[in-house]
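Inspection log for the structure reproduced underneath, given as structure tokens.
The values are calculated or read from the model by the stated rules, or taken from the named source; none is laboratory data. Keep in mind it's a predicted model, so treat the numbers as computed, not measured. Because the Cβ atoms are built from the backbone with ideal geometry, glycine has one as well, and the counts that use them run over all protein chains shown. With ligands, DNA and RNA removed, areas are computed over all heavy atoms of the protein, side chains included. Shrake-Rupley method; radii C 1.70, N 1.55, O 1.52, S 1.80 Å.
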Amino acid sequence: MVIKNTHYTRHEIERILEAGSATKLSISQEKLLEISDKIYLFDGIKKEDIIRMTKHVKFKRYAKGDIIMNVGDQTQEVYFILYGTAVVVVEGKKIVATIESPHMFGEMAFLTKKQRNATILAYKEGTTIISFEINDDKCNEIFSYPFALLYKNIALDLTRKIETTNKKPS
Amino acid sequence: MNNGFSYSEKSELSTVAFELLTFIQNFMDDYFHDEYEVIQFNINFLESNGFAYQTKVDYMKLNRFIATAYSTIEFNDGKIIDELLSKFYKDIIFLNHFYKNFLEKTKDIHSVFKHLFLKSVEGSLGLYMRLSEKVEKISDDELKAFEEYVKEEFHNEFRKEFETYQEQLCKIINTKTYYFDKLLWNEARKSSAIQEFFKKSKRTENELNDELSTKIFIQQYLQTIDMSHTKNVNWHHYLQNILTIMD
């Protein structure tokens, strides 16, 4: 057999490499990757997989008092505060908690698929939030490992929350 | 290992086993010489130029869709297929043929053992004479047992070599095909003739402008399949899964 090893010029190699990495990310996706190491959901998950498993990534600034999420909403977005503060409001105007940067909220909705049970407002002018949805339609037998990691991260977070609650004096 | 053939001295056995392995290894080096060369060349090419190995999608299973994409693009706007794309495509076709030949030449280990390896050492008696320092007469039963022992060793070594070469060839072909697919569509997207063709053909309900890729042909193929009647459920299910992870 004649061995046919194909040779490529430097310029050709550059063209091929450029095309291979040409999957263009939106600015919001790039921002999400930038901060992904701060988002516990993504612990241990490769950046390329984060892009594959998320959708509708948005990057938004809020004025003080703007509604970020409304009680009763059927949305499944996860929110991460990049800058500023948000407050959790129930029964109209009662503030029950504040969420500071860099923290996240709303991450259980994609698991439970239930309505939001609180309203969240921007408390500081210019509160900046990145939001995204977990695209669990993509979870299948070939692409399942990143989702296994995601669920593990959620389980670990819930465990931590239960431990903290248990430590609080009754 | 004991197939009824044994040496009285343990040290003698290990020396013979070692020498036998050398014979087998020398044979393998000759037998897989082309594979070794192709793999070395391609691994060196990919690694020294900063390519990233692609393993998520098995592009070798998607060859027919890549071929359809290539011919459709070439038919609608031949200018897209420049020297690089044409060369790259031929390279991938060569590698796929090469891989098929590799599978063909490795599918019947027993035949390789009997007709090539044993022949190269003048049969099991010839091998026995080469390995045994004592020139003693060997009975037919002993020779048969010896041949069984050699056969088992040969099969084990052959399987190991096969798996190594197969893994590397698949990795190379998958990676090169991934980059080829990317380059092909990267160029095709720039062509108004291609954009028009896919808009007119209305082959899928997806937003074609954003989704121009080989996925179109997989989707189109799947649309023609009645999943409740197909015999290839696993294959079609595999393709549906592939669509979710292909870029």
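Scan the range B:43-58 and tell me whether some residue there is away from chain A (no Cβ under 12 Å) and modelled with pLDDT under 90. The answer is yes, given that some residue of the range B:43-58 is away from chain A (no Cβ under 12 Å) and modelled with pLDDT under 90.
Of the residues in the range B:20-28, not one is more than 25 Å from residue A:142 (Cβ to Cβ), within 14 Å of chain A (Cβ to nearest Cβ), touching a residue at least 12 places away in the same chain (Cβ under 8 Å) and not aliphatic (A, V, I, L, M).
Restricting attention to the range B:179-195 and to residues that are in a helix (DSSP H, G or I) and more than 33 Å from the chain's Cα centre (by Cα), the residue that is nearest to the other protein chains (Cβ to nearest Cβ) turns out to be B:195.
A single member of A:55, A:93 is farther than 19 Å from residue A:29 by Cα and out of contact with any helix residue (DSSP H, G or I) (no Cβ under 7 Å at 6 or more places or on another chain), and it is A:93.
Matching residues to (1) more than 14 Å from chain B (Cβ to nearest Cβ); (2) within 26 Å of residue A:142 (Cβ to Cβ); (3) loosely packed, with under 14 Cβ neighbours inside 10 Å:
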site: A:9; (1), (2), (3): no, no, yes
site: A:12; (1), (2), (3): no, no, no
site: A:16; (1), (2), (3): no, yes, no
site: A:49; (1), (2), (3): no, yes, no
site: A:52; (1), (2), (3): no, yes, no
site: A:62; (1), (2), (3): yes, no, no
site: A:68; (1), (2), (3): yes, no, no
site: A:75; (1), (2), (3): yes, no, no
site: A:78; (1), (2), (3): yes, yes, no
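Consider the range B:212-242 and keep the residues that are within 14 Å of chain A (Cβ to nearest Cβ) and surrounded by fewer than 14 Cβ atoms within 10 Å (Cβ to Cβ). The one that is nearest to the chain's Cα centre (by Cα) is B:235.
Selection of the range B:106-125 for residues being surrounded by fewer than 19 Cβ atoms within 10 Å (Cβ to Cβ) and in a loop (DSSP other than H, G, I, E, B) yields B:107, B:108, B:122. Going by what's in this entry, would residue B:61 be described as open to solvent by 60 Å² or more (accessible area, probe 1.4 Å), within 10 Å of another protein chain (Cβ to nearest Cβ), part of a helix (DSSP H, G or I) and out of contact with any helix residue (DSSP H, G or I) (no Cβ under 6 Å at 6 or more places or on another chain)? Against the criterion (open to solvent by 60 Å² or more (accessible area, probe 1.4 Å), within 10 Å of another protein chain (Cβ to nearest Cβ), part of a helix (DSSP H, G or I) and out of contact with any helix residue (DSSP H, G or I) (no Cβ under 6 Å at 6 or more places or on another chain)), residue B:61 does not qualify. Taken over the range A:80-104, residues that are over 19 Å from residue A:39 (Cα atoms) and open to solvent by less than 50 Å² (accessible area, probe 1.4 Å) amount to 5. Filtered by the rule that a residue be among the polar types (S, T, N, Q) and farther than 11 Å from residue A:54 by Cα, the range A:114-140 gives A:115, A:117, A:119, A:127, A:128, A:140.
Out of B:190, B:199, one residue alone is surrounded by fewer than 12 Cβ atoms within 10 Å (Cβ to Cβ) and at pLDDT 80 or above. It is B:190. Residue A:39 falls short on exactly one of the conditions (1) within 14 Å of another protein chain (Cβ to nearest Cβ); (2) open to solvent by less than 30 Å² (accessible area, probe 1.4 Å); (3) under 21 Å from the mean Cα position of the chain (by Cα); (4) among the hydrophobic types (A, V, I, L, M, F, W, C), and that condition is (1).
Condition check ((1) free of Cβ contacts under 8 Å to residues at least 60 places away in the same chain; (2) over 16 Å from residue A:19 (Cα atoms)) across all residues:
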residue	(1), (2)
B:44	yes, yes
B:56	no, yes
B:60	no, yes
B:85	no, no
B:94	yes, yes
B:97	yes, yes
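If you filter the range B:69-78 down to residues that are assigned to a helix (DSSP H, G or I) and within 14 Å of residue B:189 (Cβ to Cβ), you find that the one that is nearest to the chain's Cα centre (by Cα) is B:69. Summed over the range A:140-155, residues that are exposed (fewer than 12 other Cβ atoms within 10 Å of the Cβ) and not small (Gly, Ala, Ser) total 1. Among the conditions (1) within 19 Å of the chain's Cα centre (by Cα); (2) farther than 18 Å from residue B:93 by Cα, residue B:27 misses just one, which is (1).
Of all the residues in the range B:65-83, those that are open to solvent by 30 Å² or more (accessible area, probe 1.4 Å) and either in contact (Cβ under 8 Å) with a residue 60 or more places away in the chain or more than 12 Å from chain A (Cβ to nearest Cβ) (or both) number 9. The condition of being within 28 Å of the chain's Cα centre (by Cα), of a type outside the set (D, E, K, R), part of a helix (DSSP H, G or I) and surrounded by 17 or more Cβ atoms within 10 Å (Cβ to Cβ) holds for only one of B:128, B:99, that being B:99.
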